[in-house]
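Following: one structure in structure tokens, then a few remarks.
The values are calculated or read from the model by the stated rules, or taken from the named source; none is laboratory data. What you see is a predicted model; the values in this text were computed from it and never measured. Because the Cβ atoms are built from the backbone with ideal geometry, glycine has one as well, and the counts that use them run over all protein chains shown. Surface accessibility is based on the protein's heavy atoms, side chains included, excluding ligands, DNA and RNA. Shrake-Rupley method; radii C 1.70, N 1.55, O 1.52, S 1.80 Å.
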Amino acid sequence: MDNLDRLISIIIYADIVGYSSMMQEDENQALLKLKHFEEVIKLQSEKFDGEIVKAYGDGCLMLFKSAVSAIKCAISIQKNLREEPYVPLRIGIHVGEIVRKDHDIFGDGVNIASRIESMGVANSVLISSDIYVLIKNHPEFNTVKIGEFTFNNIERDITLYAISNDELTIPIIKDMKGKGSIKKSTSLLSKRNMRLLWIPVLMVGALMFYKLSNFPLNESEIESSDTIEKSIAVLPLVNLNSKDENQEWFSDGVTQEIIDELAKIKTVTVTAFTTSFQYKNPSISYIAIANELNVNYLISGSSRIFGDSIRLSIELFNPHSKERIWNETFNEVMKNAPSIQLSIAKQVAKSLNIKLTSDEKKSLEKPNTIDGEAFNLFLKSKAEFMSLTPEGFSKSIEMLERAIDLDPNYSQAYTLLAFILDFQTGSWFGGNRSTSETVSITTPYIEKSIALNPKSSDIYLVRAHSNLYVKGLIRDAKKDVEYALALNSWPRVPTNYCICTVVSTYVALGDLQKAKEYANLGRKVDPGNIFIFWDRASIHMIEGEMQKAQALYEEALQVMDIPFFHFFVGLSYYHDGQFTKALKYFEKAFESDEIPIHYNVAYLSNSYYMLGNKVESERYRLELERRIASGAHQVNLAMAMISAVQGNVDETLTWLEKAQEKSEYSFAYMVHADPLFKPLYEEPRFVEIRRKMQYYE
């Protein structure tokens, strides 16, 4: 055939969302948006060395020689189109063979790019797995894996990723209405912007769940919560400061504080921060958000910091009736910031005709701190803690200590400080402190927090975490867990300090039924929570259901790419007999971690041992011996892991006895969560180890 040219190209397909409706509503405005779109794509395609092959009214087809240039162009296009007049554009990118004829192009590559674009939402950039392979090693791009899709008239299934740079929108599954459908078993992202979601989660150490008047013990009770009349979601406050001012910690932190105060009102259901945070910079309507969250009311607003002053604009409205119920602007000096959320909670109650109990009135009169700078330091410390790096931990601890100096009665600061210091003990996140040293440091903070606020469930859950992971005393942890749940100062289930402590305590006791109950409860109440994936995966691994464990661990890893999750994904593959695949994850964790997790080093040795490479296996075993010789703590359990794989039962038990004697961090949990130690359960020496850590009544 004449004039045919076949080549491999990077293909961008772009389309304005809802342009026909725009024309019906306001033709002049729609034409203005179209002109803006045409100007932007022309300028940006030239800037990034692309070619506009087709420009067809409200869409276009572009070709690039480089995947990197194509994605940079797509990001820049979306950024420019967010400026007025705003143009809601979706973009799909694929690489494939095209057939060029005269001034037109054809081929499967074009068809696939078109279908990928159709699955997007306004302000999104979706790419195929083929593009992902080309750019995954480019750190300037952030991606979120969505899942595997089947497309109309396309023979193969294609995995889609969303680019998450520069405030791009990440679609949630229910919003993806294009020319295809997700394979349910592969769905990795059912909520909006999961990567952003984990910023607030990790700020406070893990999981946050909200609102019932009594703690539900089964799913039927949870279902009944849907009928509660007054249910509210607080959408993340919009930060009006520029990005250069770096004030996002304040708007996010204040949003969380508002939720915490509203949650004190027992007759109101408040959506978890981890769930409502997914609607930061939403691309869907308020009514759609309310329907997705199953709430009657929404609170939205903005925050801005001006030197020593703040401005909060807050609105309570009914998205179903479109009724604005209450709105107010707070202009306050920073020192009054801790009291604003109390005023908001009380005004919401008044506007919704909620009669507060005397205890609720009392709780909404007393701010957590009277010092504005201490309040700011507390919010900043959570933002630093979320990094899960030694540097972030150190900064967070320093800020909390300064907050306590400013307000010695700030119970929240004592609680969070004890929790972070606990985390700093083991090698999970780069720590190297003996457990006895940690106990001596954290105990005064725990006791002070209890003295200041003895009815706070949070501090007892933190003490449970200390008893389980630091001291290795399971029954003491169980007592604290049960007391925390009985106090029920949370509106629904553990808010700030990790329901995984509850699940892990029952795992350590061998009560998997109870562990499942709380893990399922967490999933039901707040399904986007990353550590619920981890909890459920660990239970599956203990029960030998490795494929289910792998899927859940990998979901967690897709959301938060940290060595902790790499290790557990590798562990699930190792116990599935897939040693080569396990190595990939263990090696990634080893390379990424400043102080590689001791257990991860042990399983590098074990994987090479199982693959017959005794030289590499011995190299990693010697690495742990060098750590012990240099004074590293928390290494004995890792040595036991190596001895167990090599069949040295007496040596394994000796290492386990040393680990138990030193109360190594997470020992009481790991010896029950790791299937490696199951063959030892009936050994008399192992029975004695369990007795010392209160496994038996």
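Given their separation in residues at 0.36 nm each and the Cα-Cα distance between them, Leu611 and His138 gain 167.1 nm when the chain is fully extended. In a simple Cβ point-charge model (Lys, Arg +1; Asp, Glu -1; nothing else charged), the stretch 638-689 has a dipole of about 120 debye relative to its Cα centre. Rg/Rh for the stretch 230-358 stands at 0.95; both radii use Cα atoms, and Rh follows the Kirkwood definition.
Summing +1 for each Lys or Arg and -1 for each Asp or Glu among the other residues whose beta-carbon sits under 11 angstrom from that of Thr654 gives -2. Magnitude of the charge dipole for the chain, about its Cα centre and with charges confined to Cβ atoms of Lys, Arg (+1) and Asp, Glu (-1), is about 920 debye. When only Cα pairs below 8 angstrom with a gap of at least 6 residues are kept, the stretch 560-653 shows a relative contact order of 21 percent. For the stretch 254-347, applying the loop criterion from DSSP together with a ceiling of 13 other beta carbons within 10 Å to the chymotrypsin sites (Phe, Trp or Tyr not before Pro) yields no site. Picking from Gly109, Leu485, Pro319, whose Cα lies most toward the positive end of the charge dipole for the chain (charges on Cβ: Lys, Arg +1; Asp, Glu -1)? Checking the options against the dipole of the chain, the answer is Leu485. Heavy-atom accessible area for Met386, with the other protein chains in place and a 1.4 Å probe, reaches approximately 50 Å². Net charge near Thr425, counting Lys/Arg +1 and Asp/Glu -1 over other residues with Cβ under 10 Å of its Cβ? It works out to a net charge of -2. According to the square roots a ≥ b ≥ c of the eigenvalues of the Cα gyration tensor, what is the shape class of the stretch 630-697, taking rounded for a/c under 1.5, prolate for a/b larger than b/c otherwise, and oblate for the remainder? Because a/c hits 1.5 or more and a/b fails to exceed b/c, the stretch 630-697 counts as oblate. Applying 1/(1 + (r/R0)^6) with R0 = 60 Å to the Cβ-Cβ distance of Ile370 and Glu97 gives a FRET efficiency near 0.35.
Placing pseudo-labels 7 Å out from each Cα toward the beta carbon at Glu651 and Ser434 gives an inter-label distance of 2.6 nm. Backbone phi angles across the stretch 533-541, fed through the Karplus curve with coefficients 6.51, -1.76 and 1.60 (θ = phi - 60°), yield HN-Hα couplings of 4, 4, 4, 5, 4, 5, 5, 4, 5 Hz in residue order; Gly and Pro are listed as x. Annotation: extensible slack from Ser351 through His320 equals 9.5 nm (criterion: 0.36 nm per residue apart, minus Cα-Cα distance). Residues Ser666, Ser66, ordered by accessible area of protein heavy atoms at a 1.4 angstrom probe radius and largest first, appear as Ser66, Ser666. Taking other residues whose beta carbon is less than 13 angstrom from the beta carbon of Asp108, and scoring Lys, Arg as +1 and Asp, Glu as -1, yields 0. Taking every alpha-carbon pair under 8 Å whose residues sit at least 6 apart, the chain reaches a relative contact order of 10 percent. Here the spin labels are modelled as points 7 Å beyond Cα on the Cα-Cβ line, and at Ser129 and Arg523 they lie 2.3 nm apart. Note on exposure: His138, His320 ranked by accessible area (1.4 Å probe, complete protein assembly) read His320, His138, with the most exposed listed first. If R0 is 30 Å, the Cβ-Cβ spacing of Asp359 and Glu391 corresponds to a FRET efficiency of close to 0.15. Per residue, the stretch 354-486 exposes an accessible area of 40 Å² to a 1.4 Å probe, with every protein chain left in place. Per residue, the average separation of C-alpha pairs within less than 8 Å and at least 6 apart gives the stretch 119-189 a relative contact order of 41 percent. Under 5 Å between amide hydrogens, built in the peptide plane, is the criterion, and for Val53 it picks out Leu61, Met62, Leu63 among residues at least 5 positions away or on other chains. Available extension along the chain between Lys35 and Leu512 is 165.6 nm, counting 0.36 nm per residue and deducting the alpha carbon span.
Semi-axes of the equivalent ellipsoid of the chain are 44, 36, 21 Å, computed as sqrt(5λ) over the eigenvalues of the C-alpha gyration tensor in descending order. Between Arg402 and Ala55, the modelled labels are 5.2 nm apart [label points 7 Å from Cα along Cα→Cβ]. With 18 Å as the limit on Cα-Cα distance, the pairs of Lys264/Lys380; Lys230/Lys366; Lys266/Lys362 that go past it are Lys264/Lys380; Lys230/Lys366.
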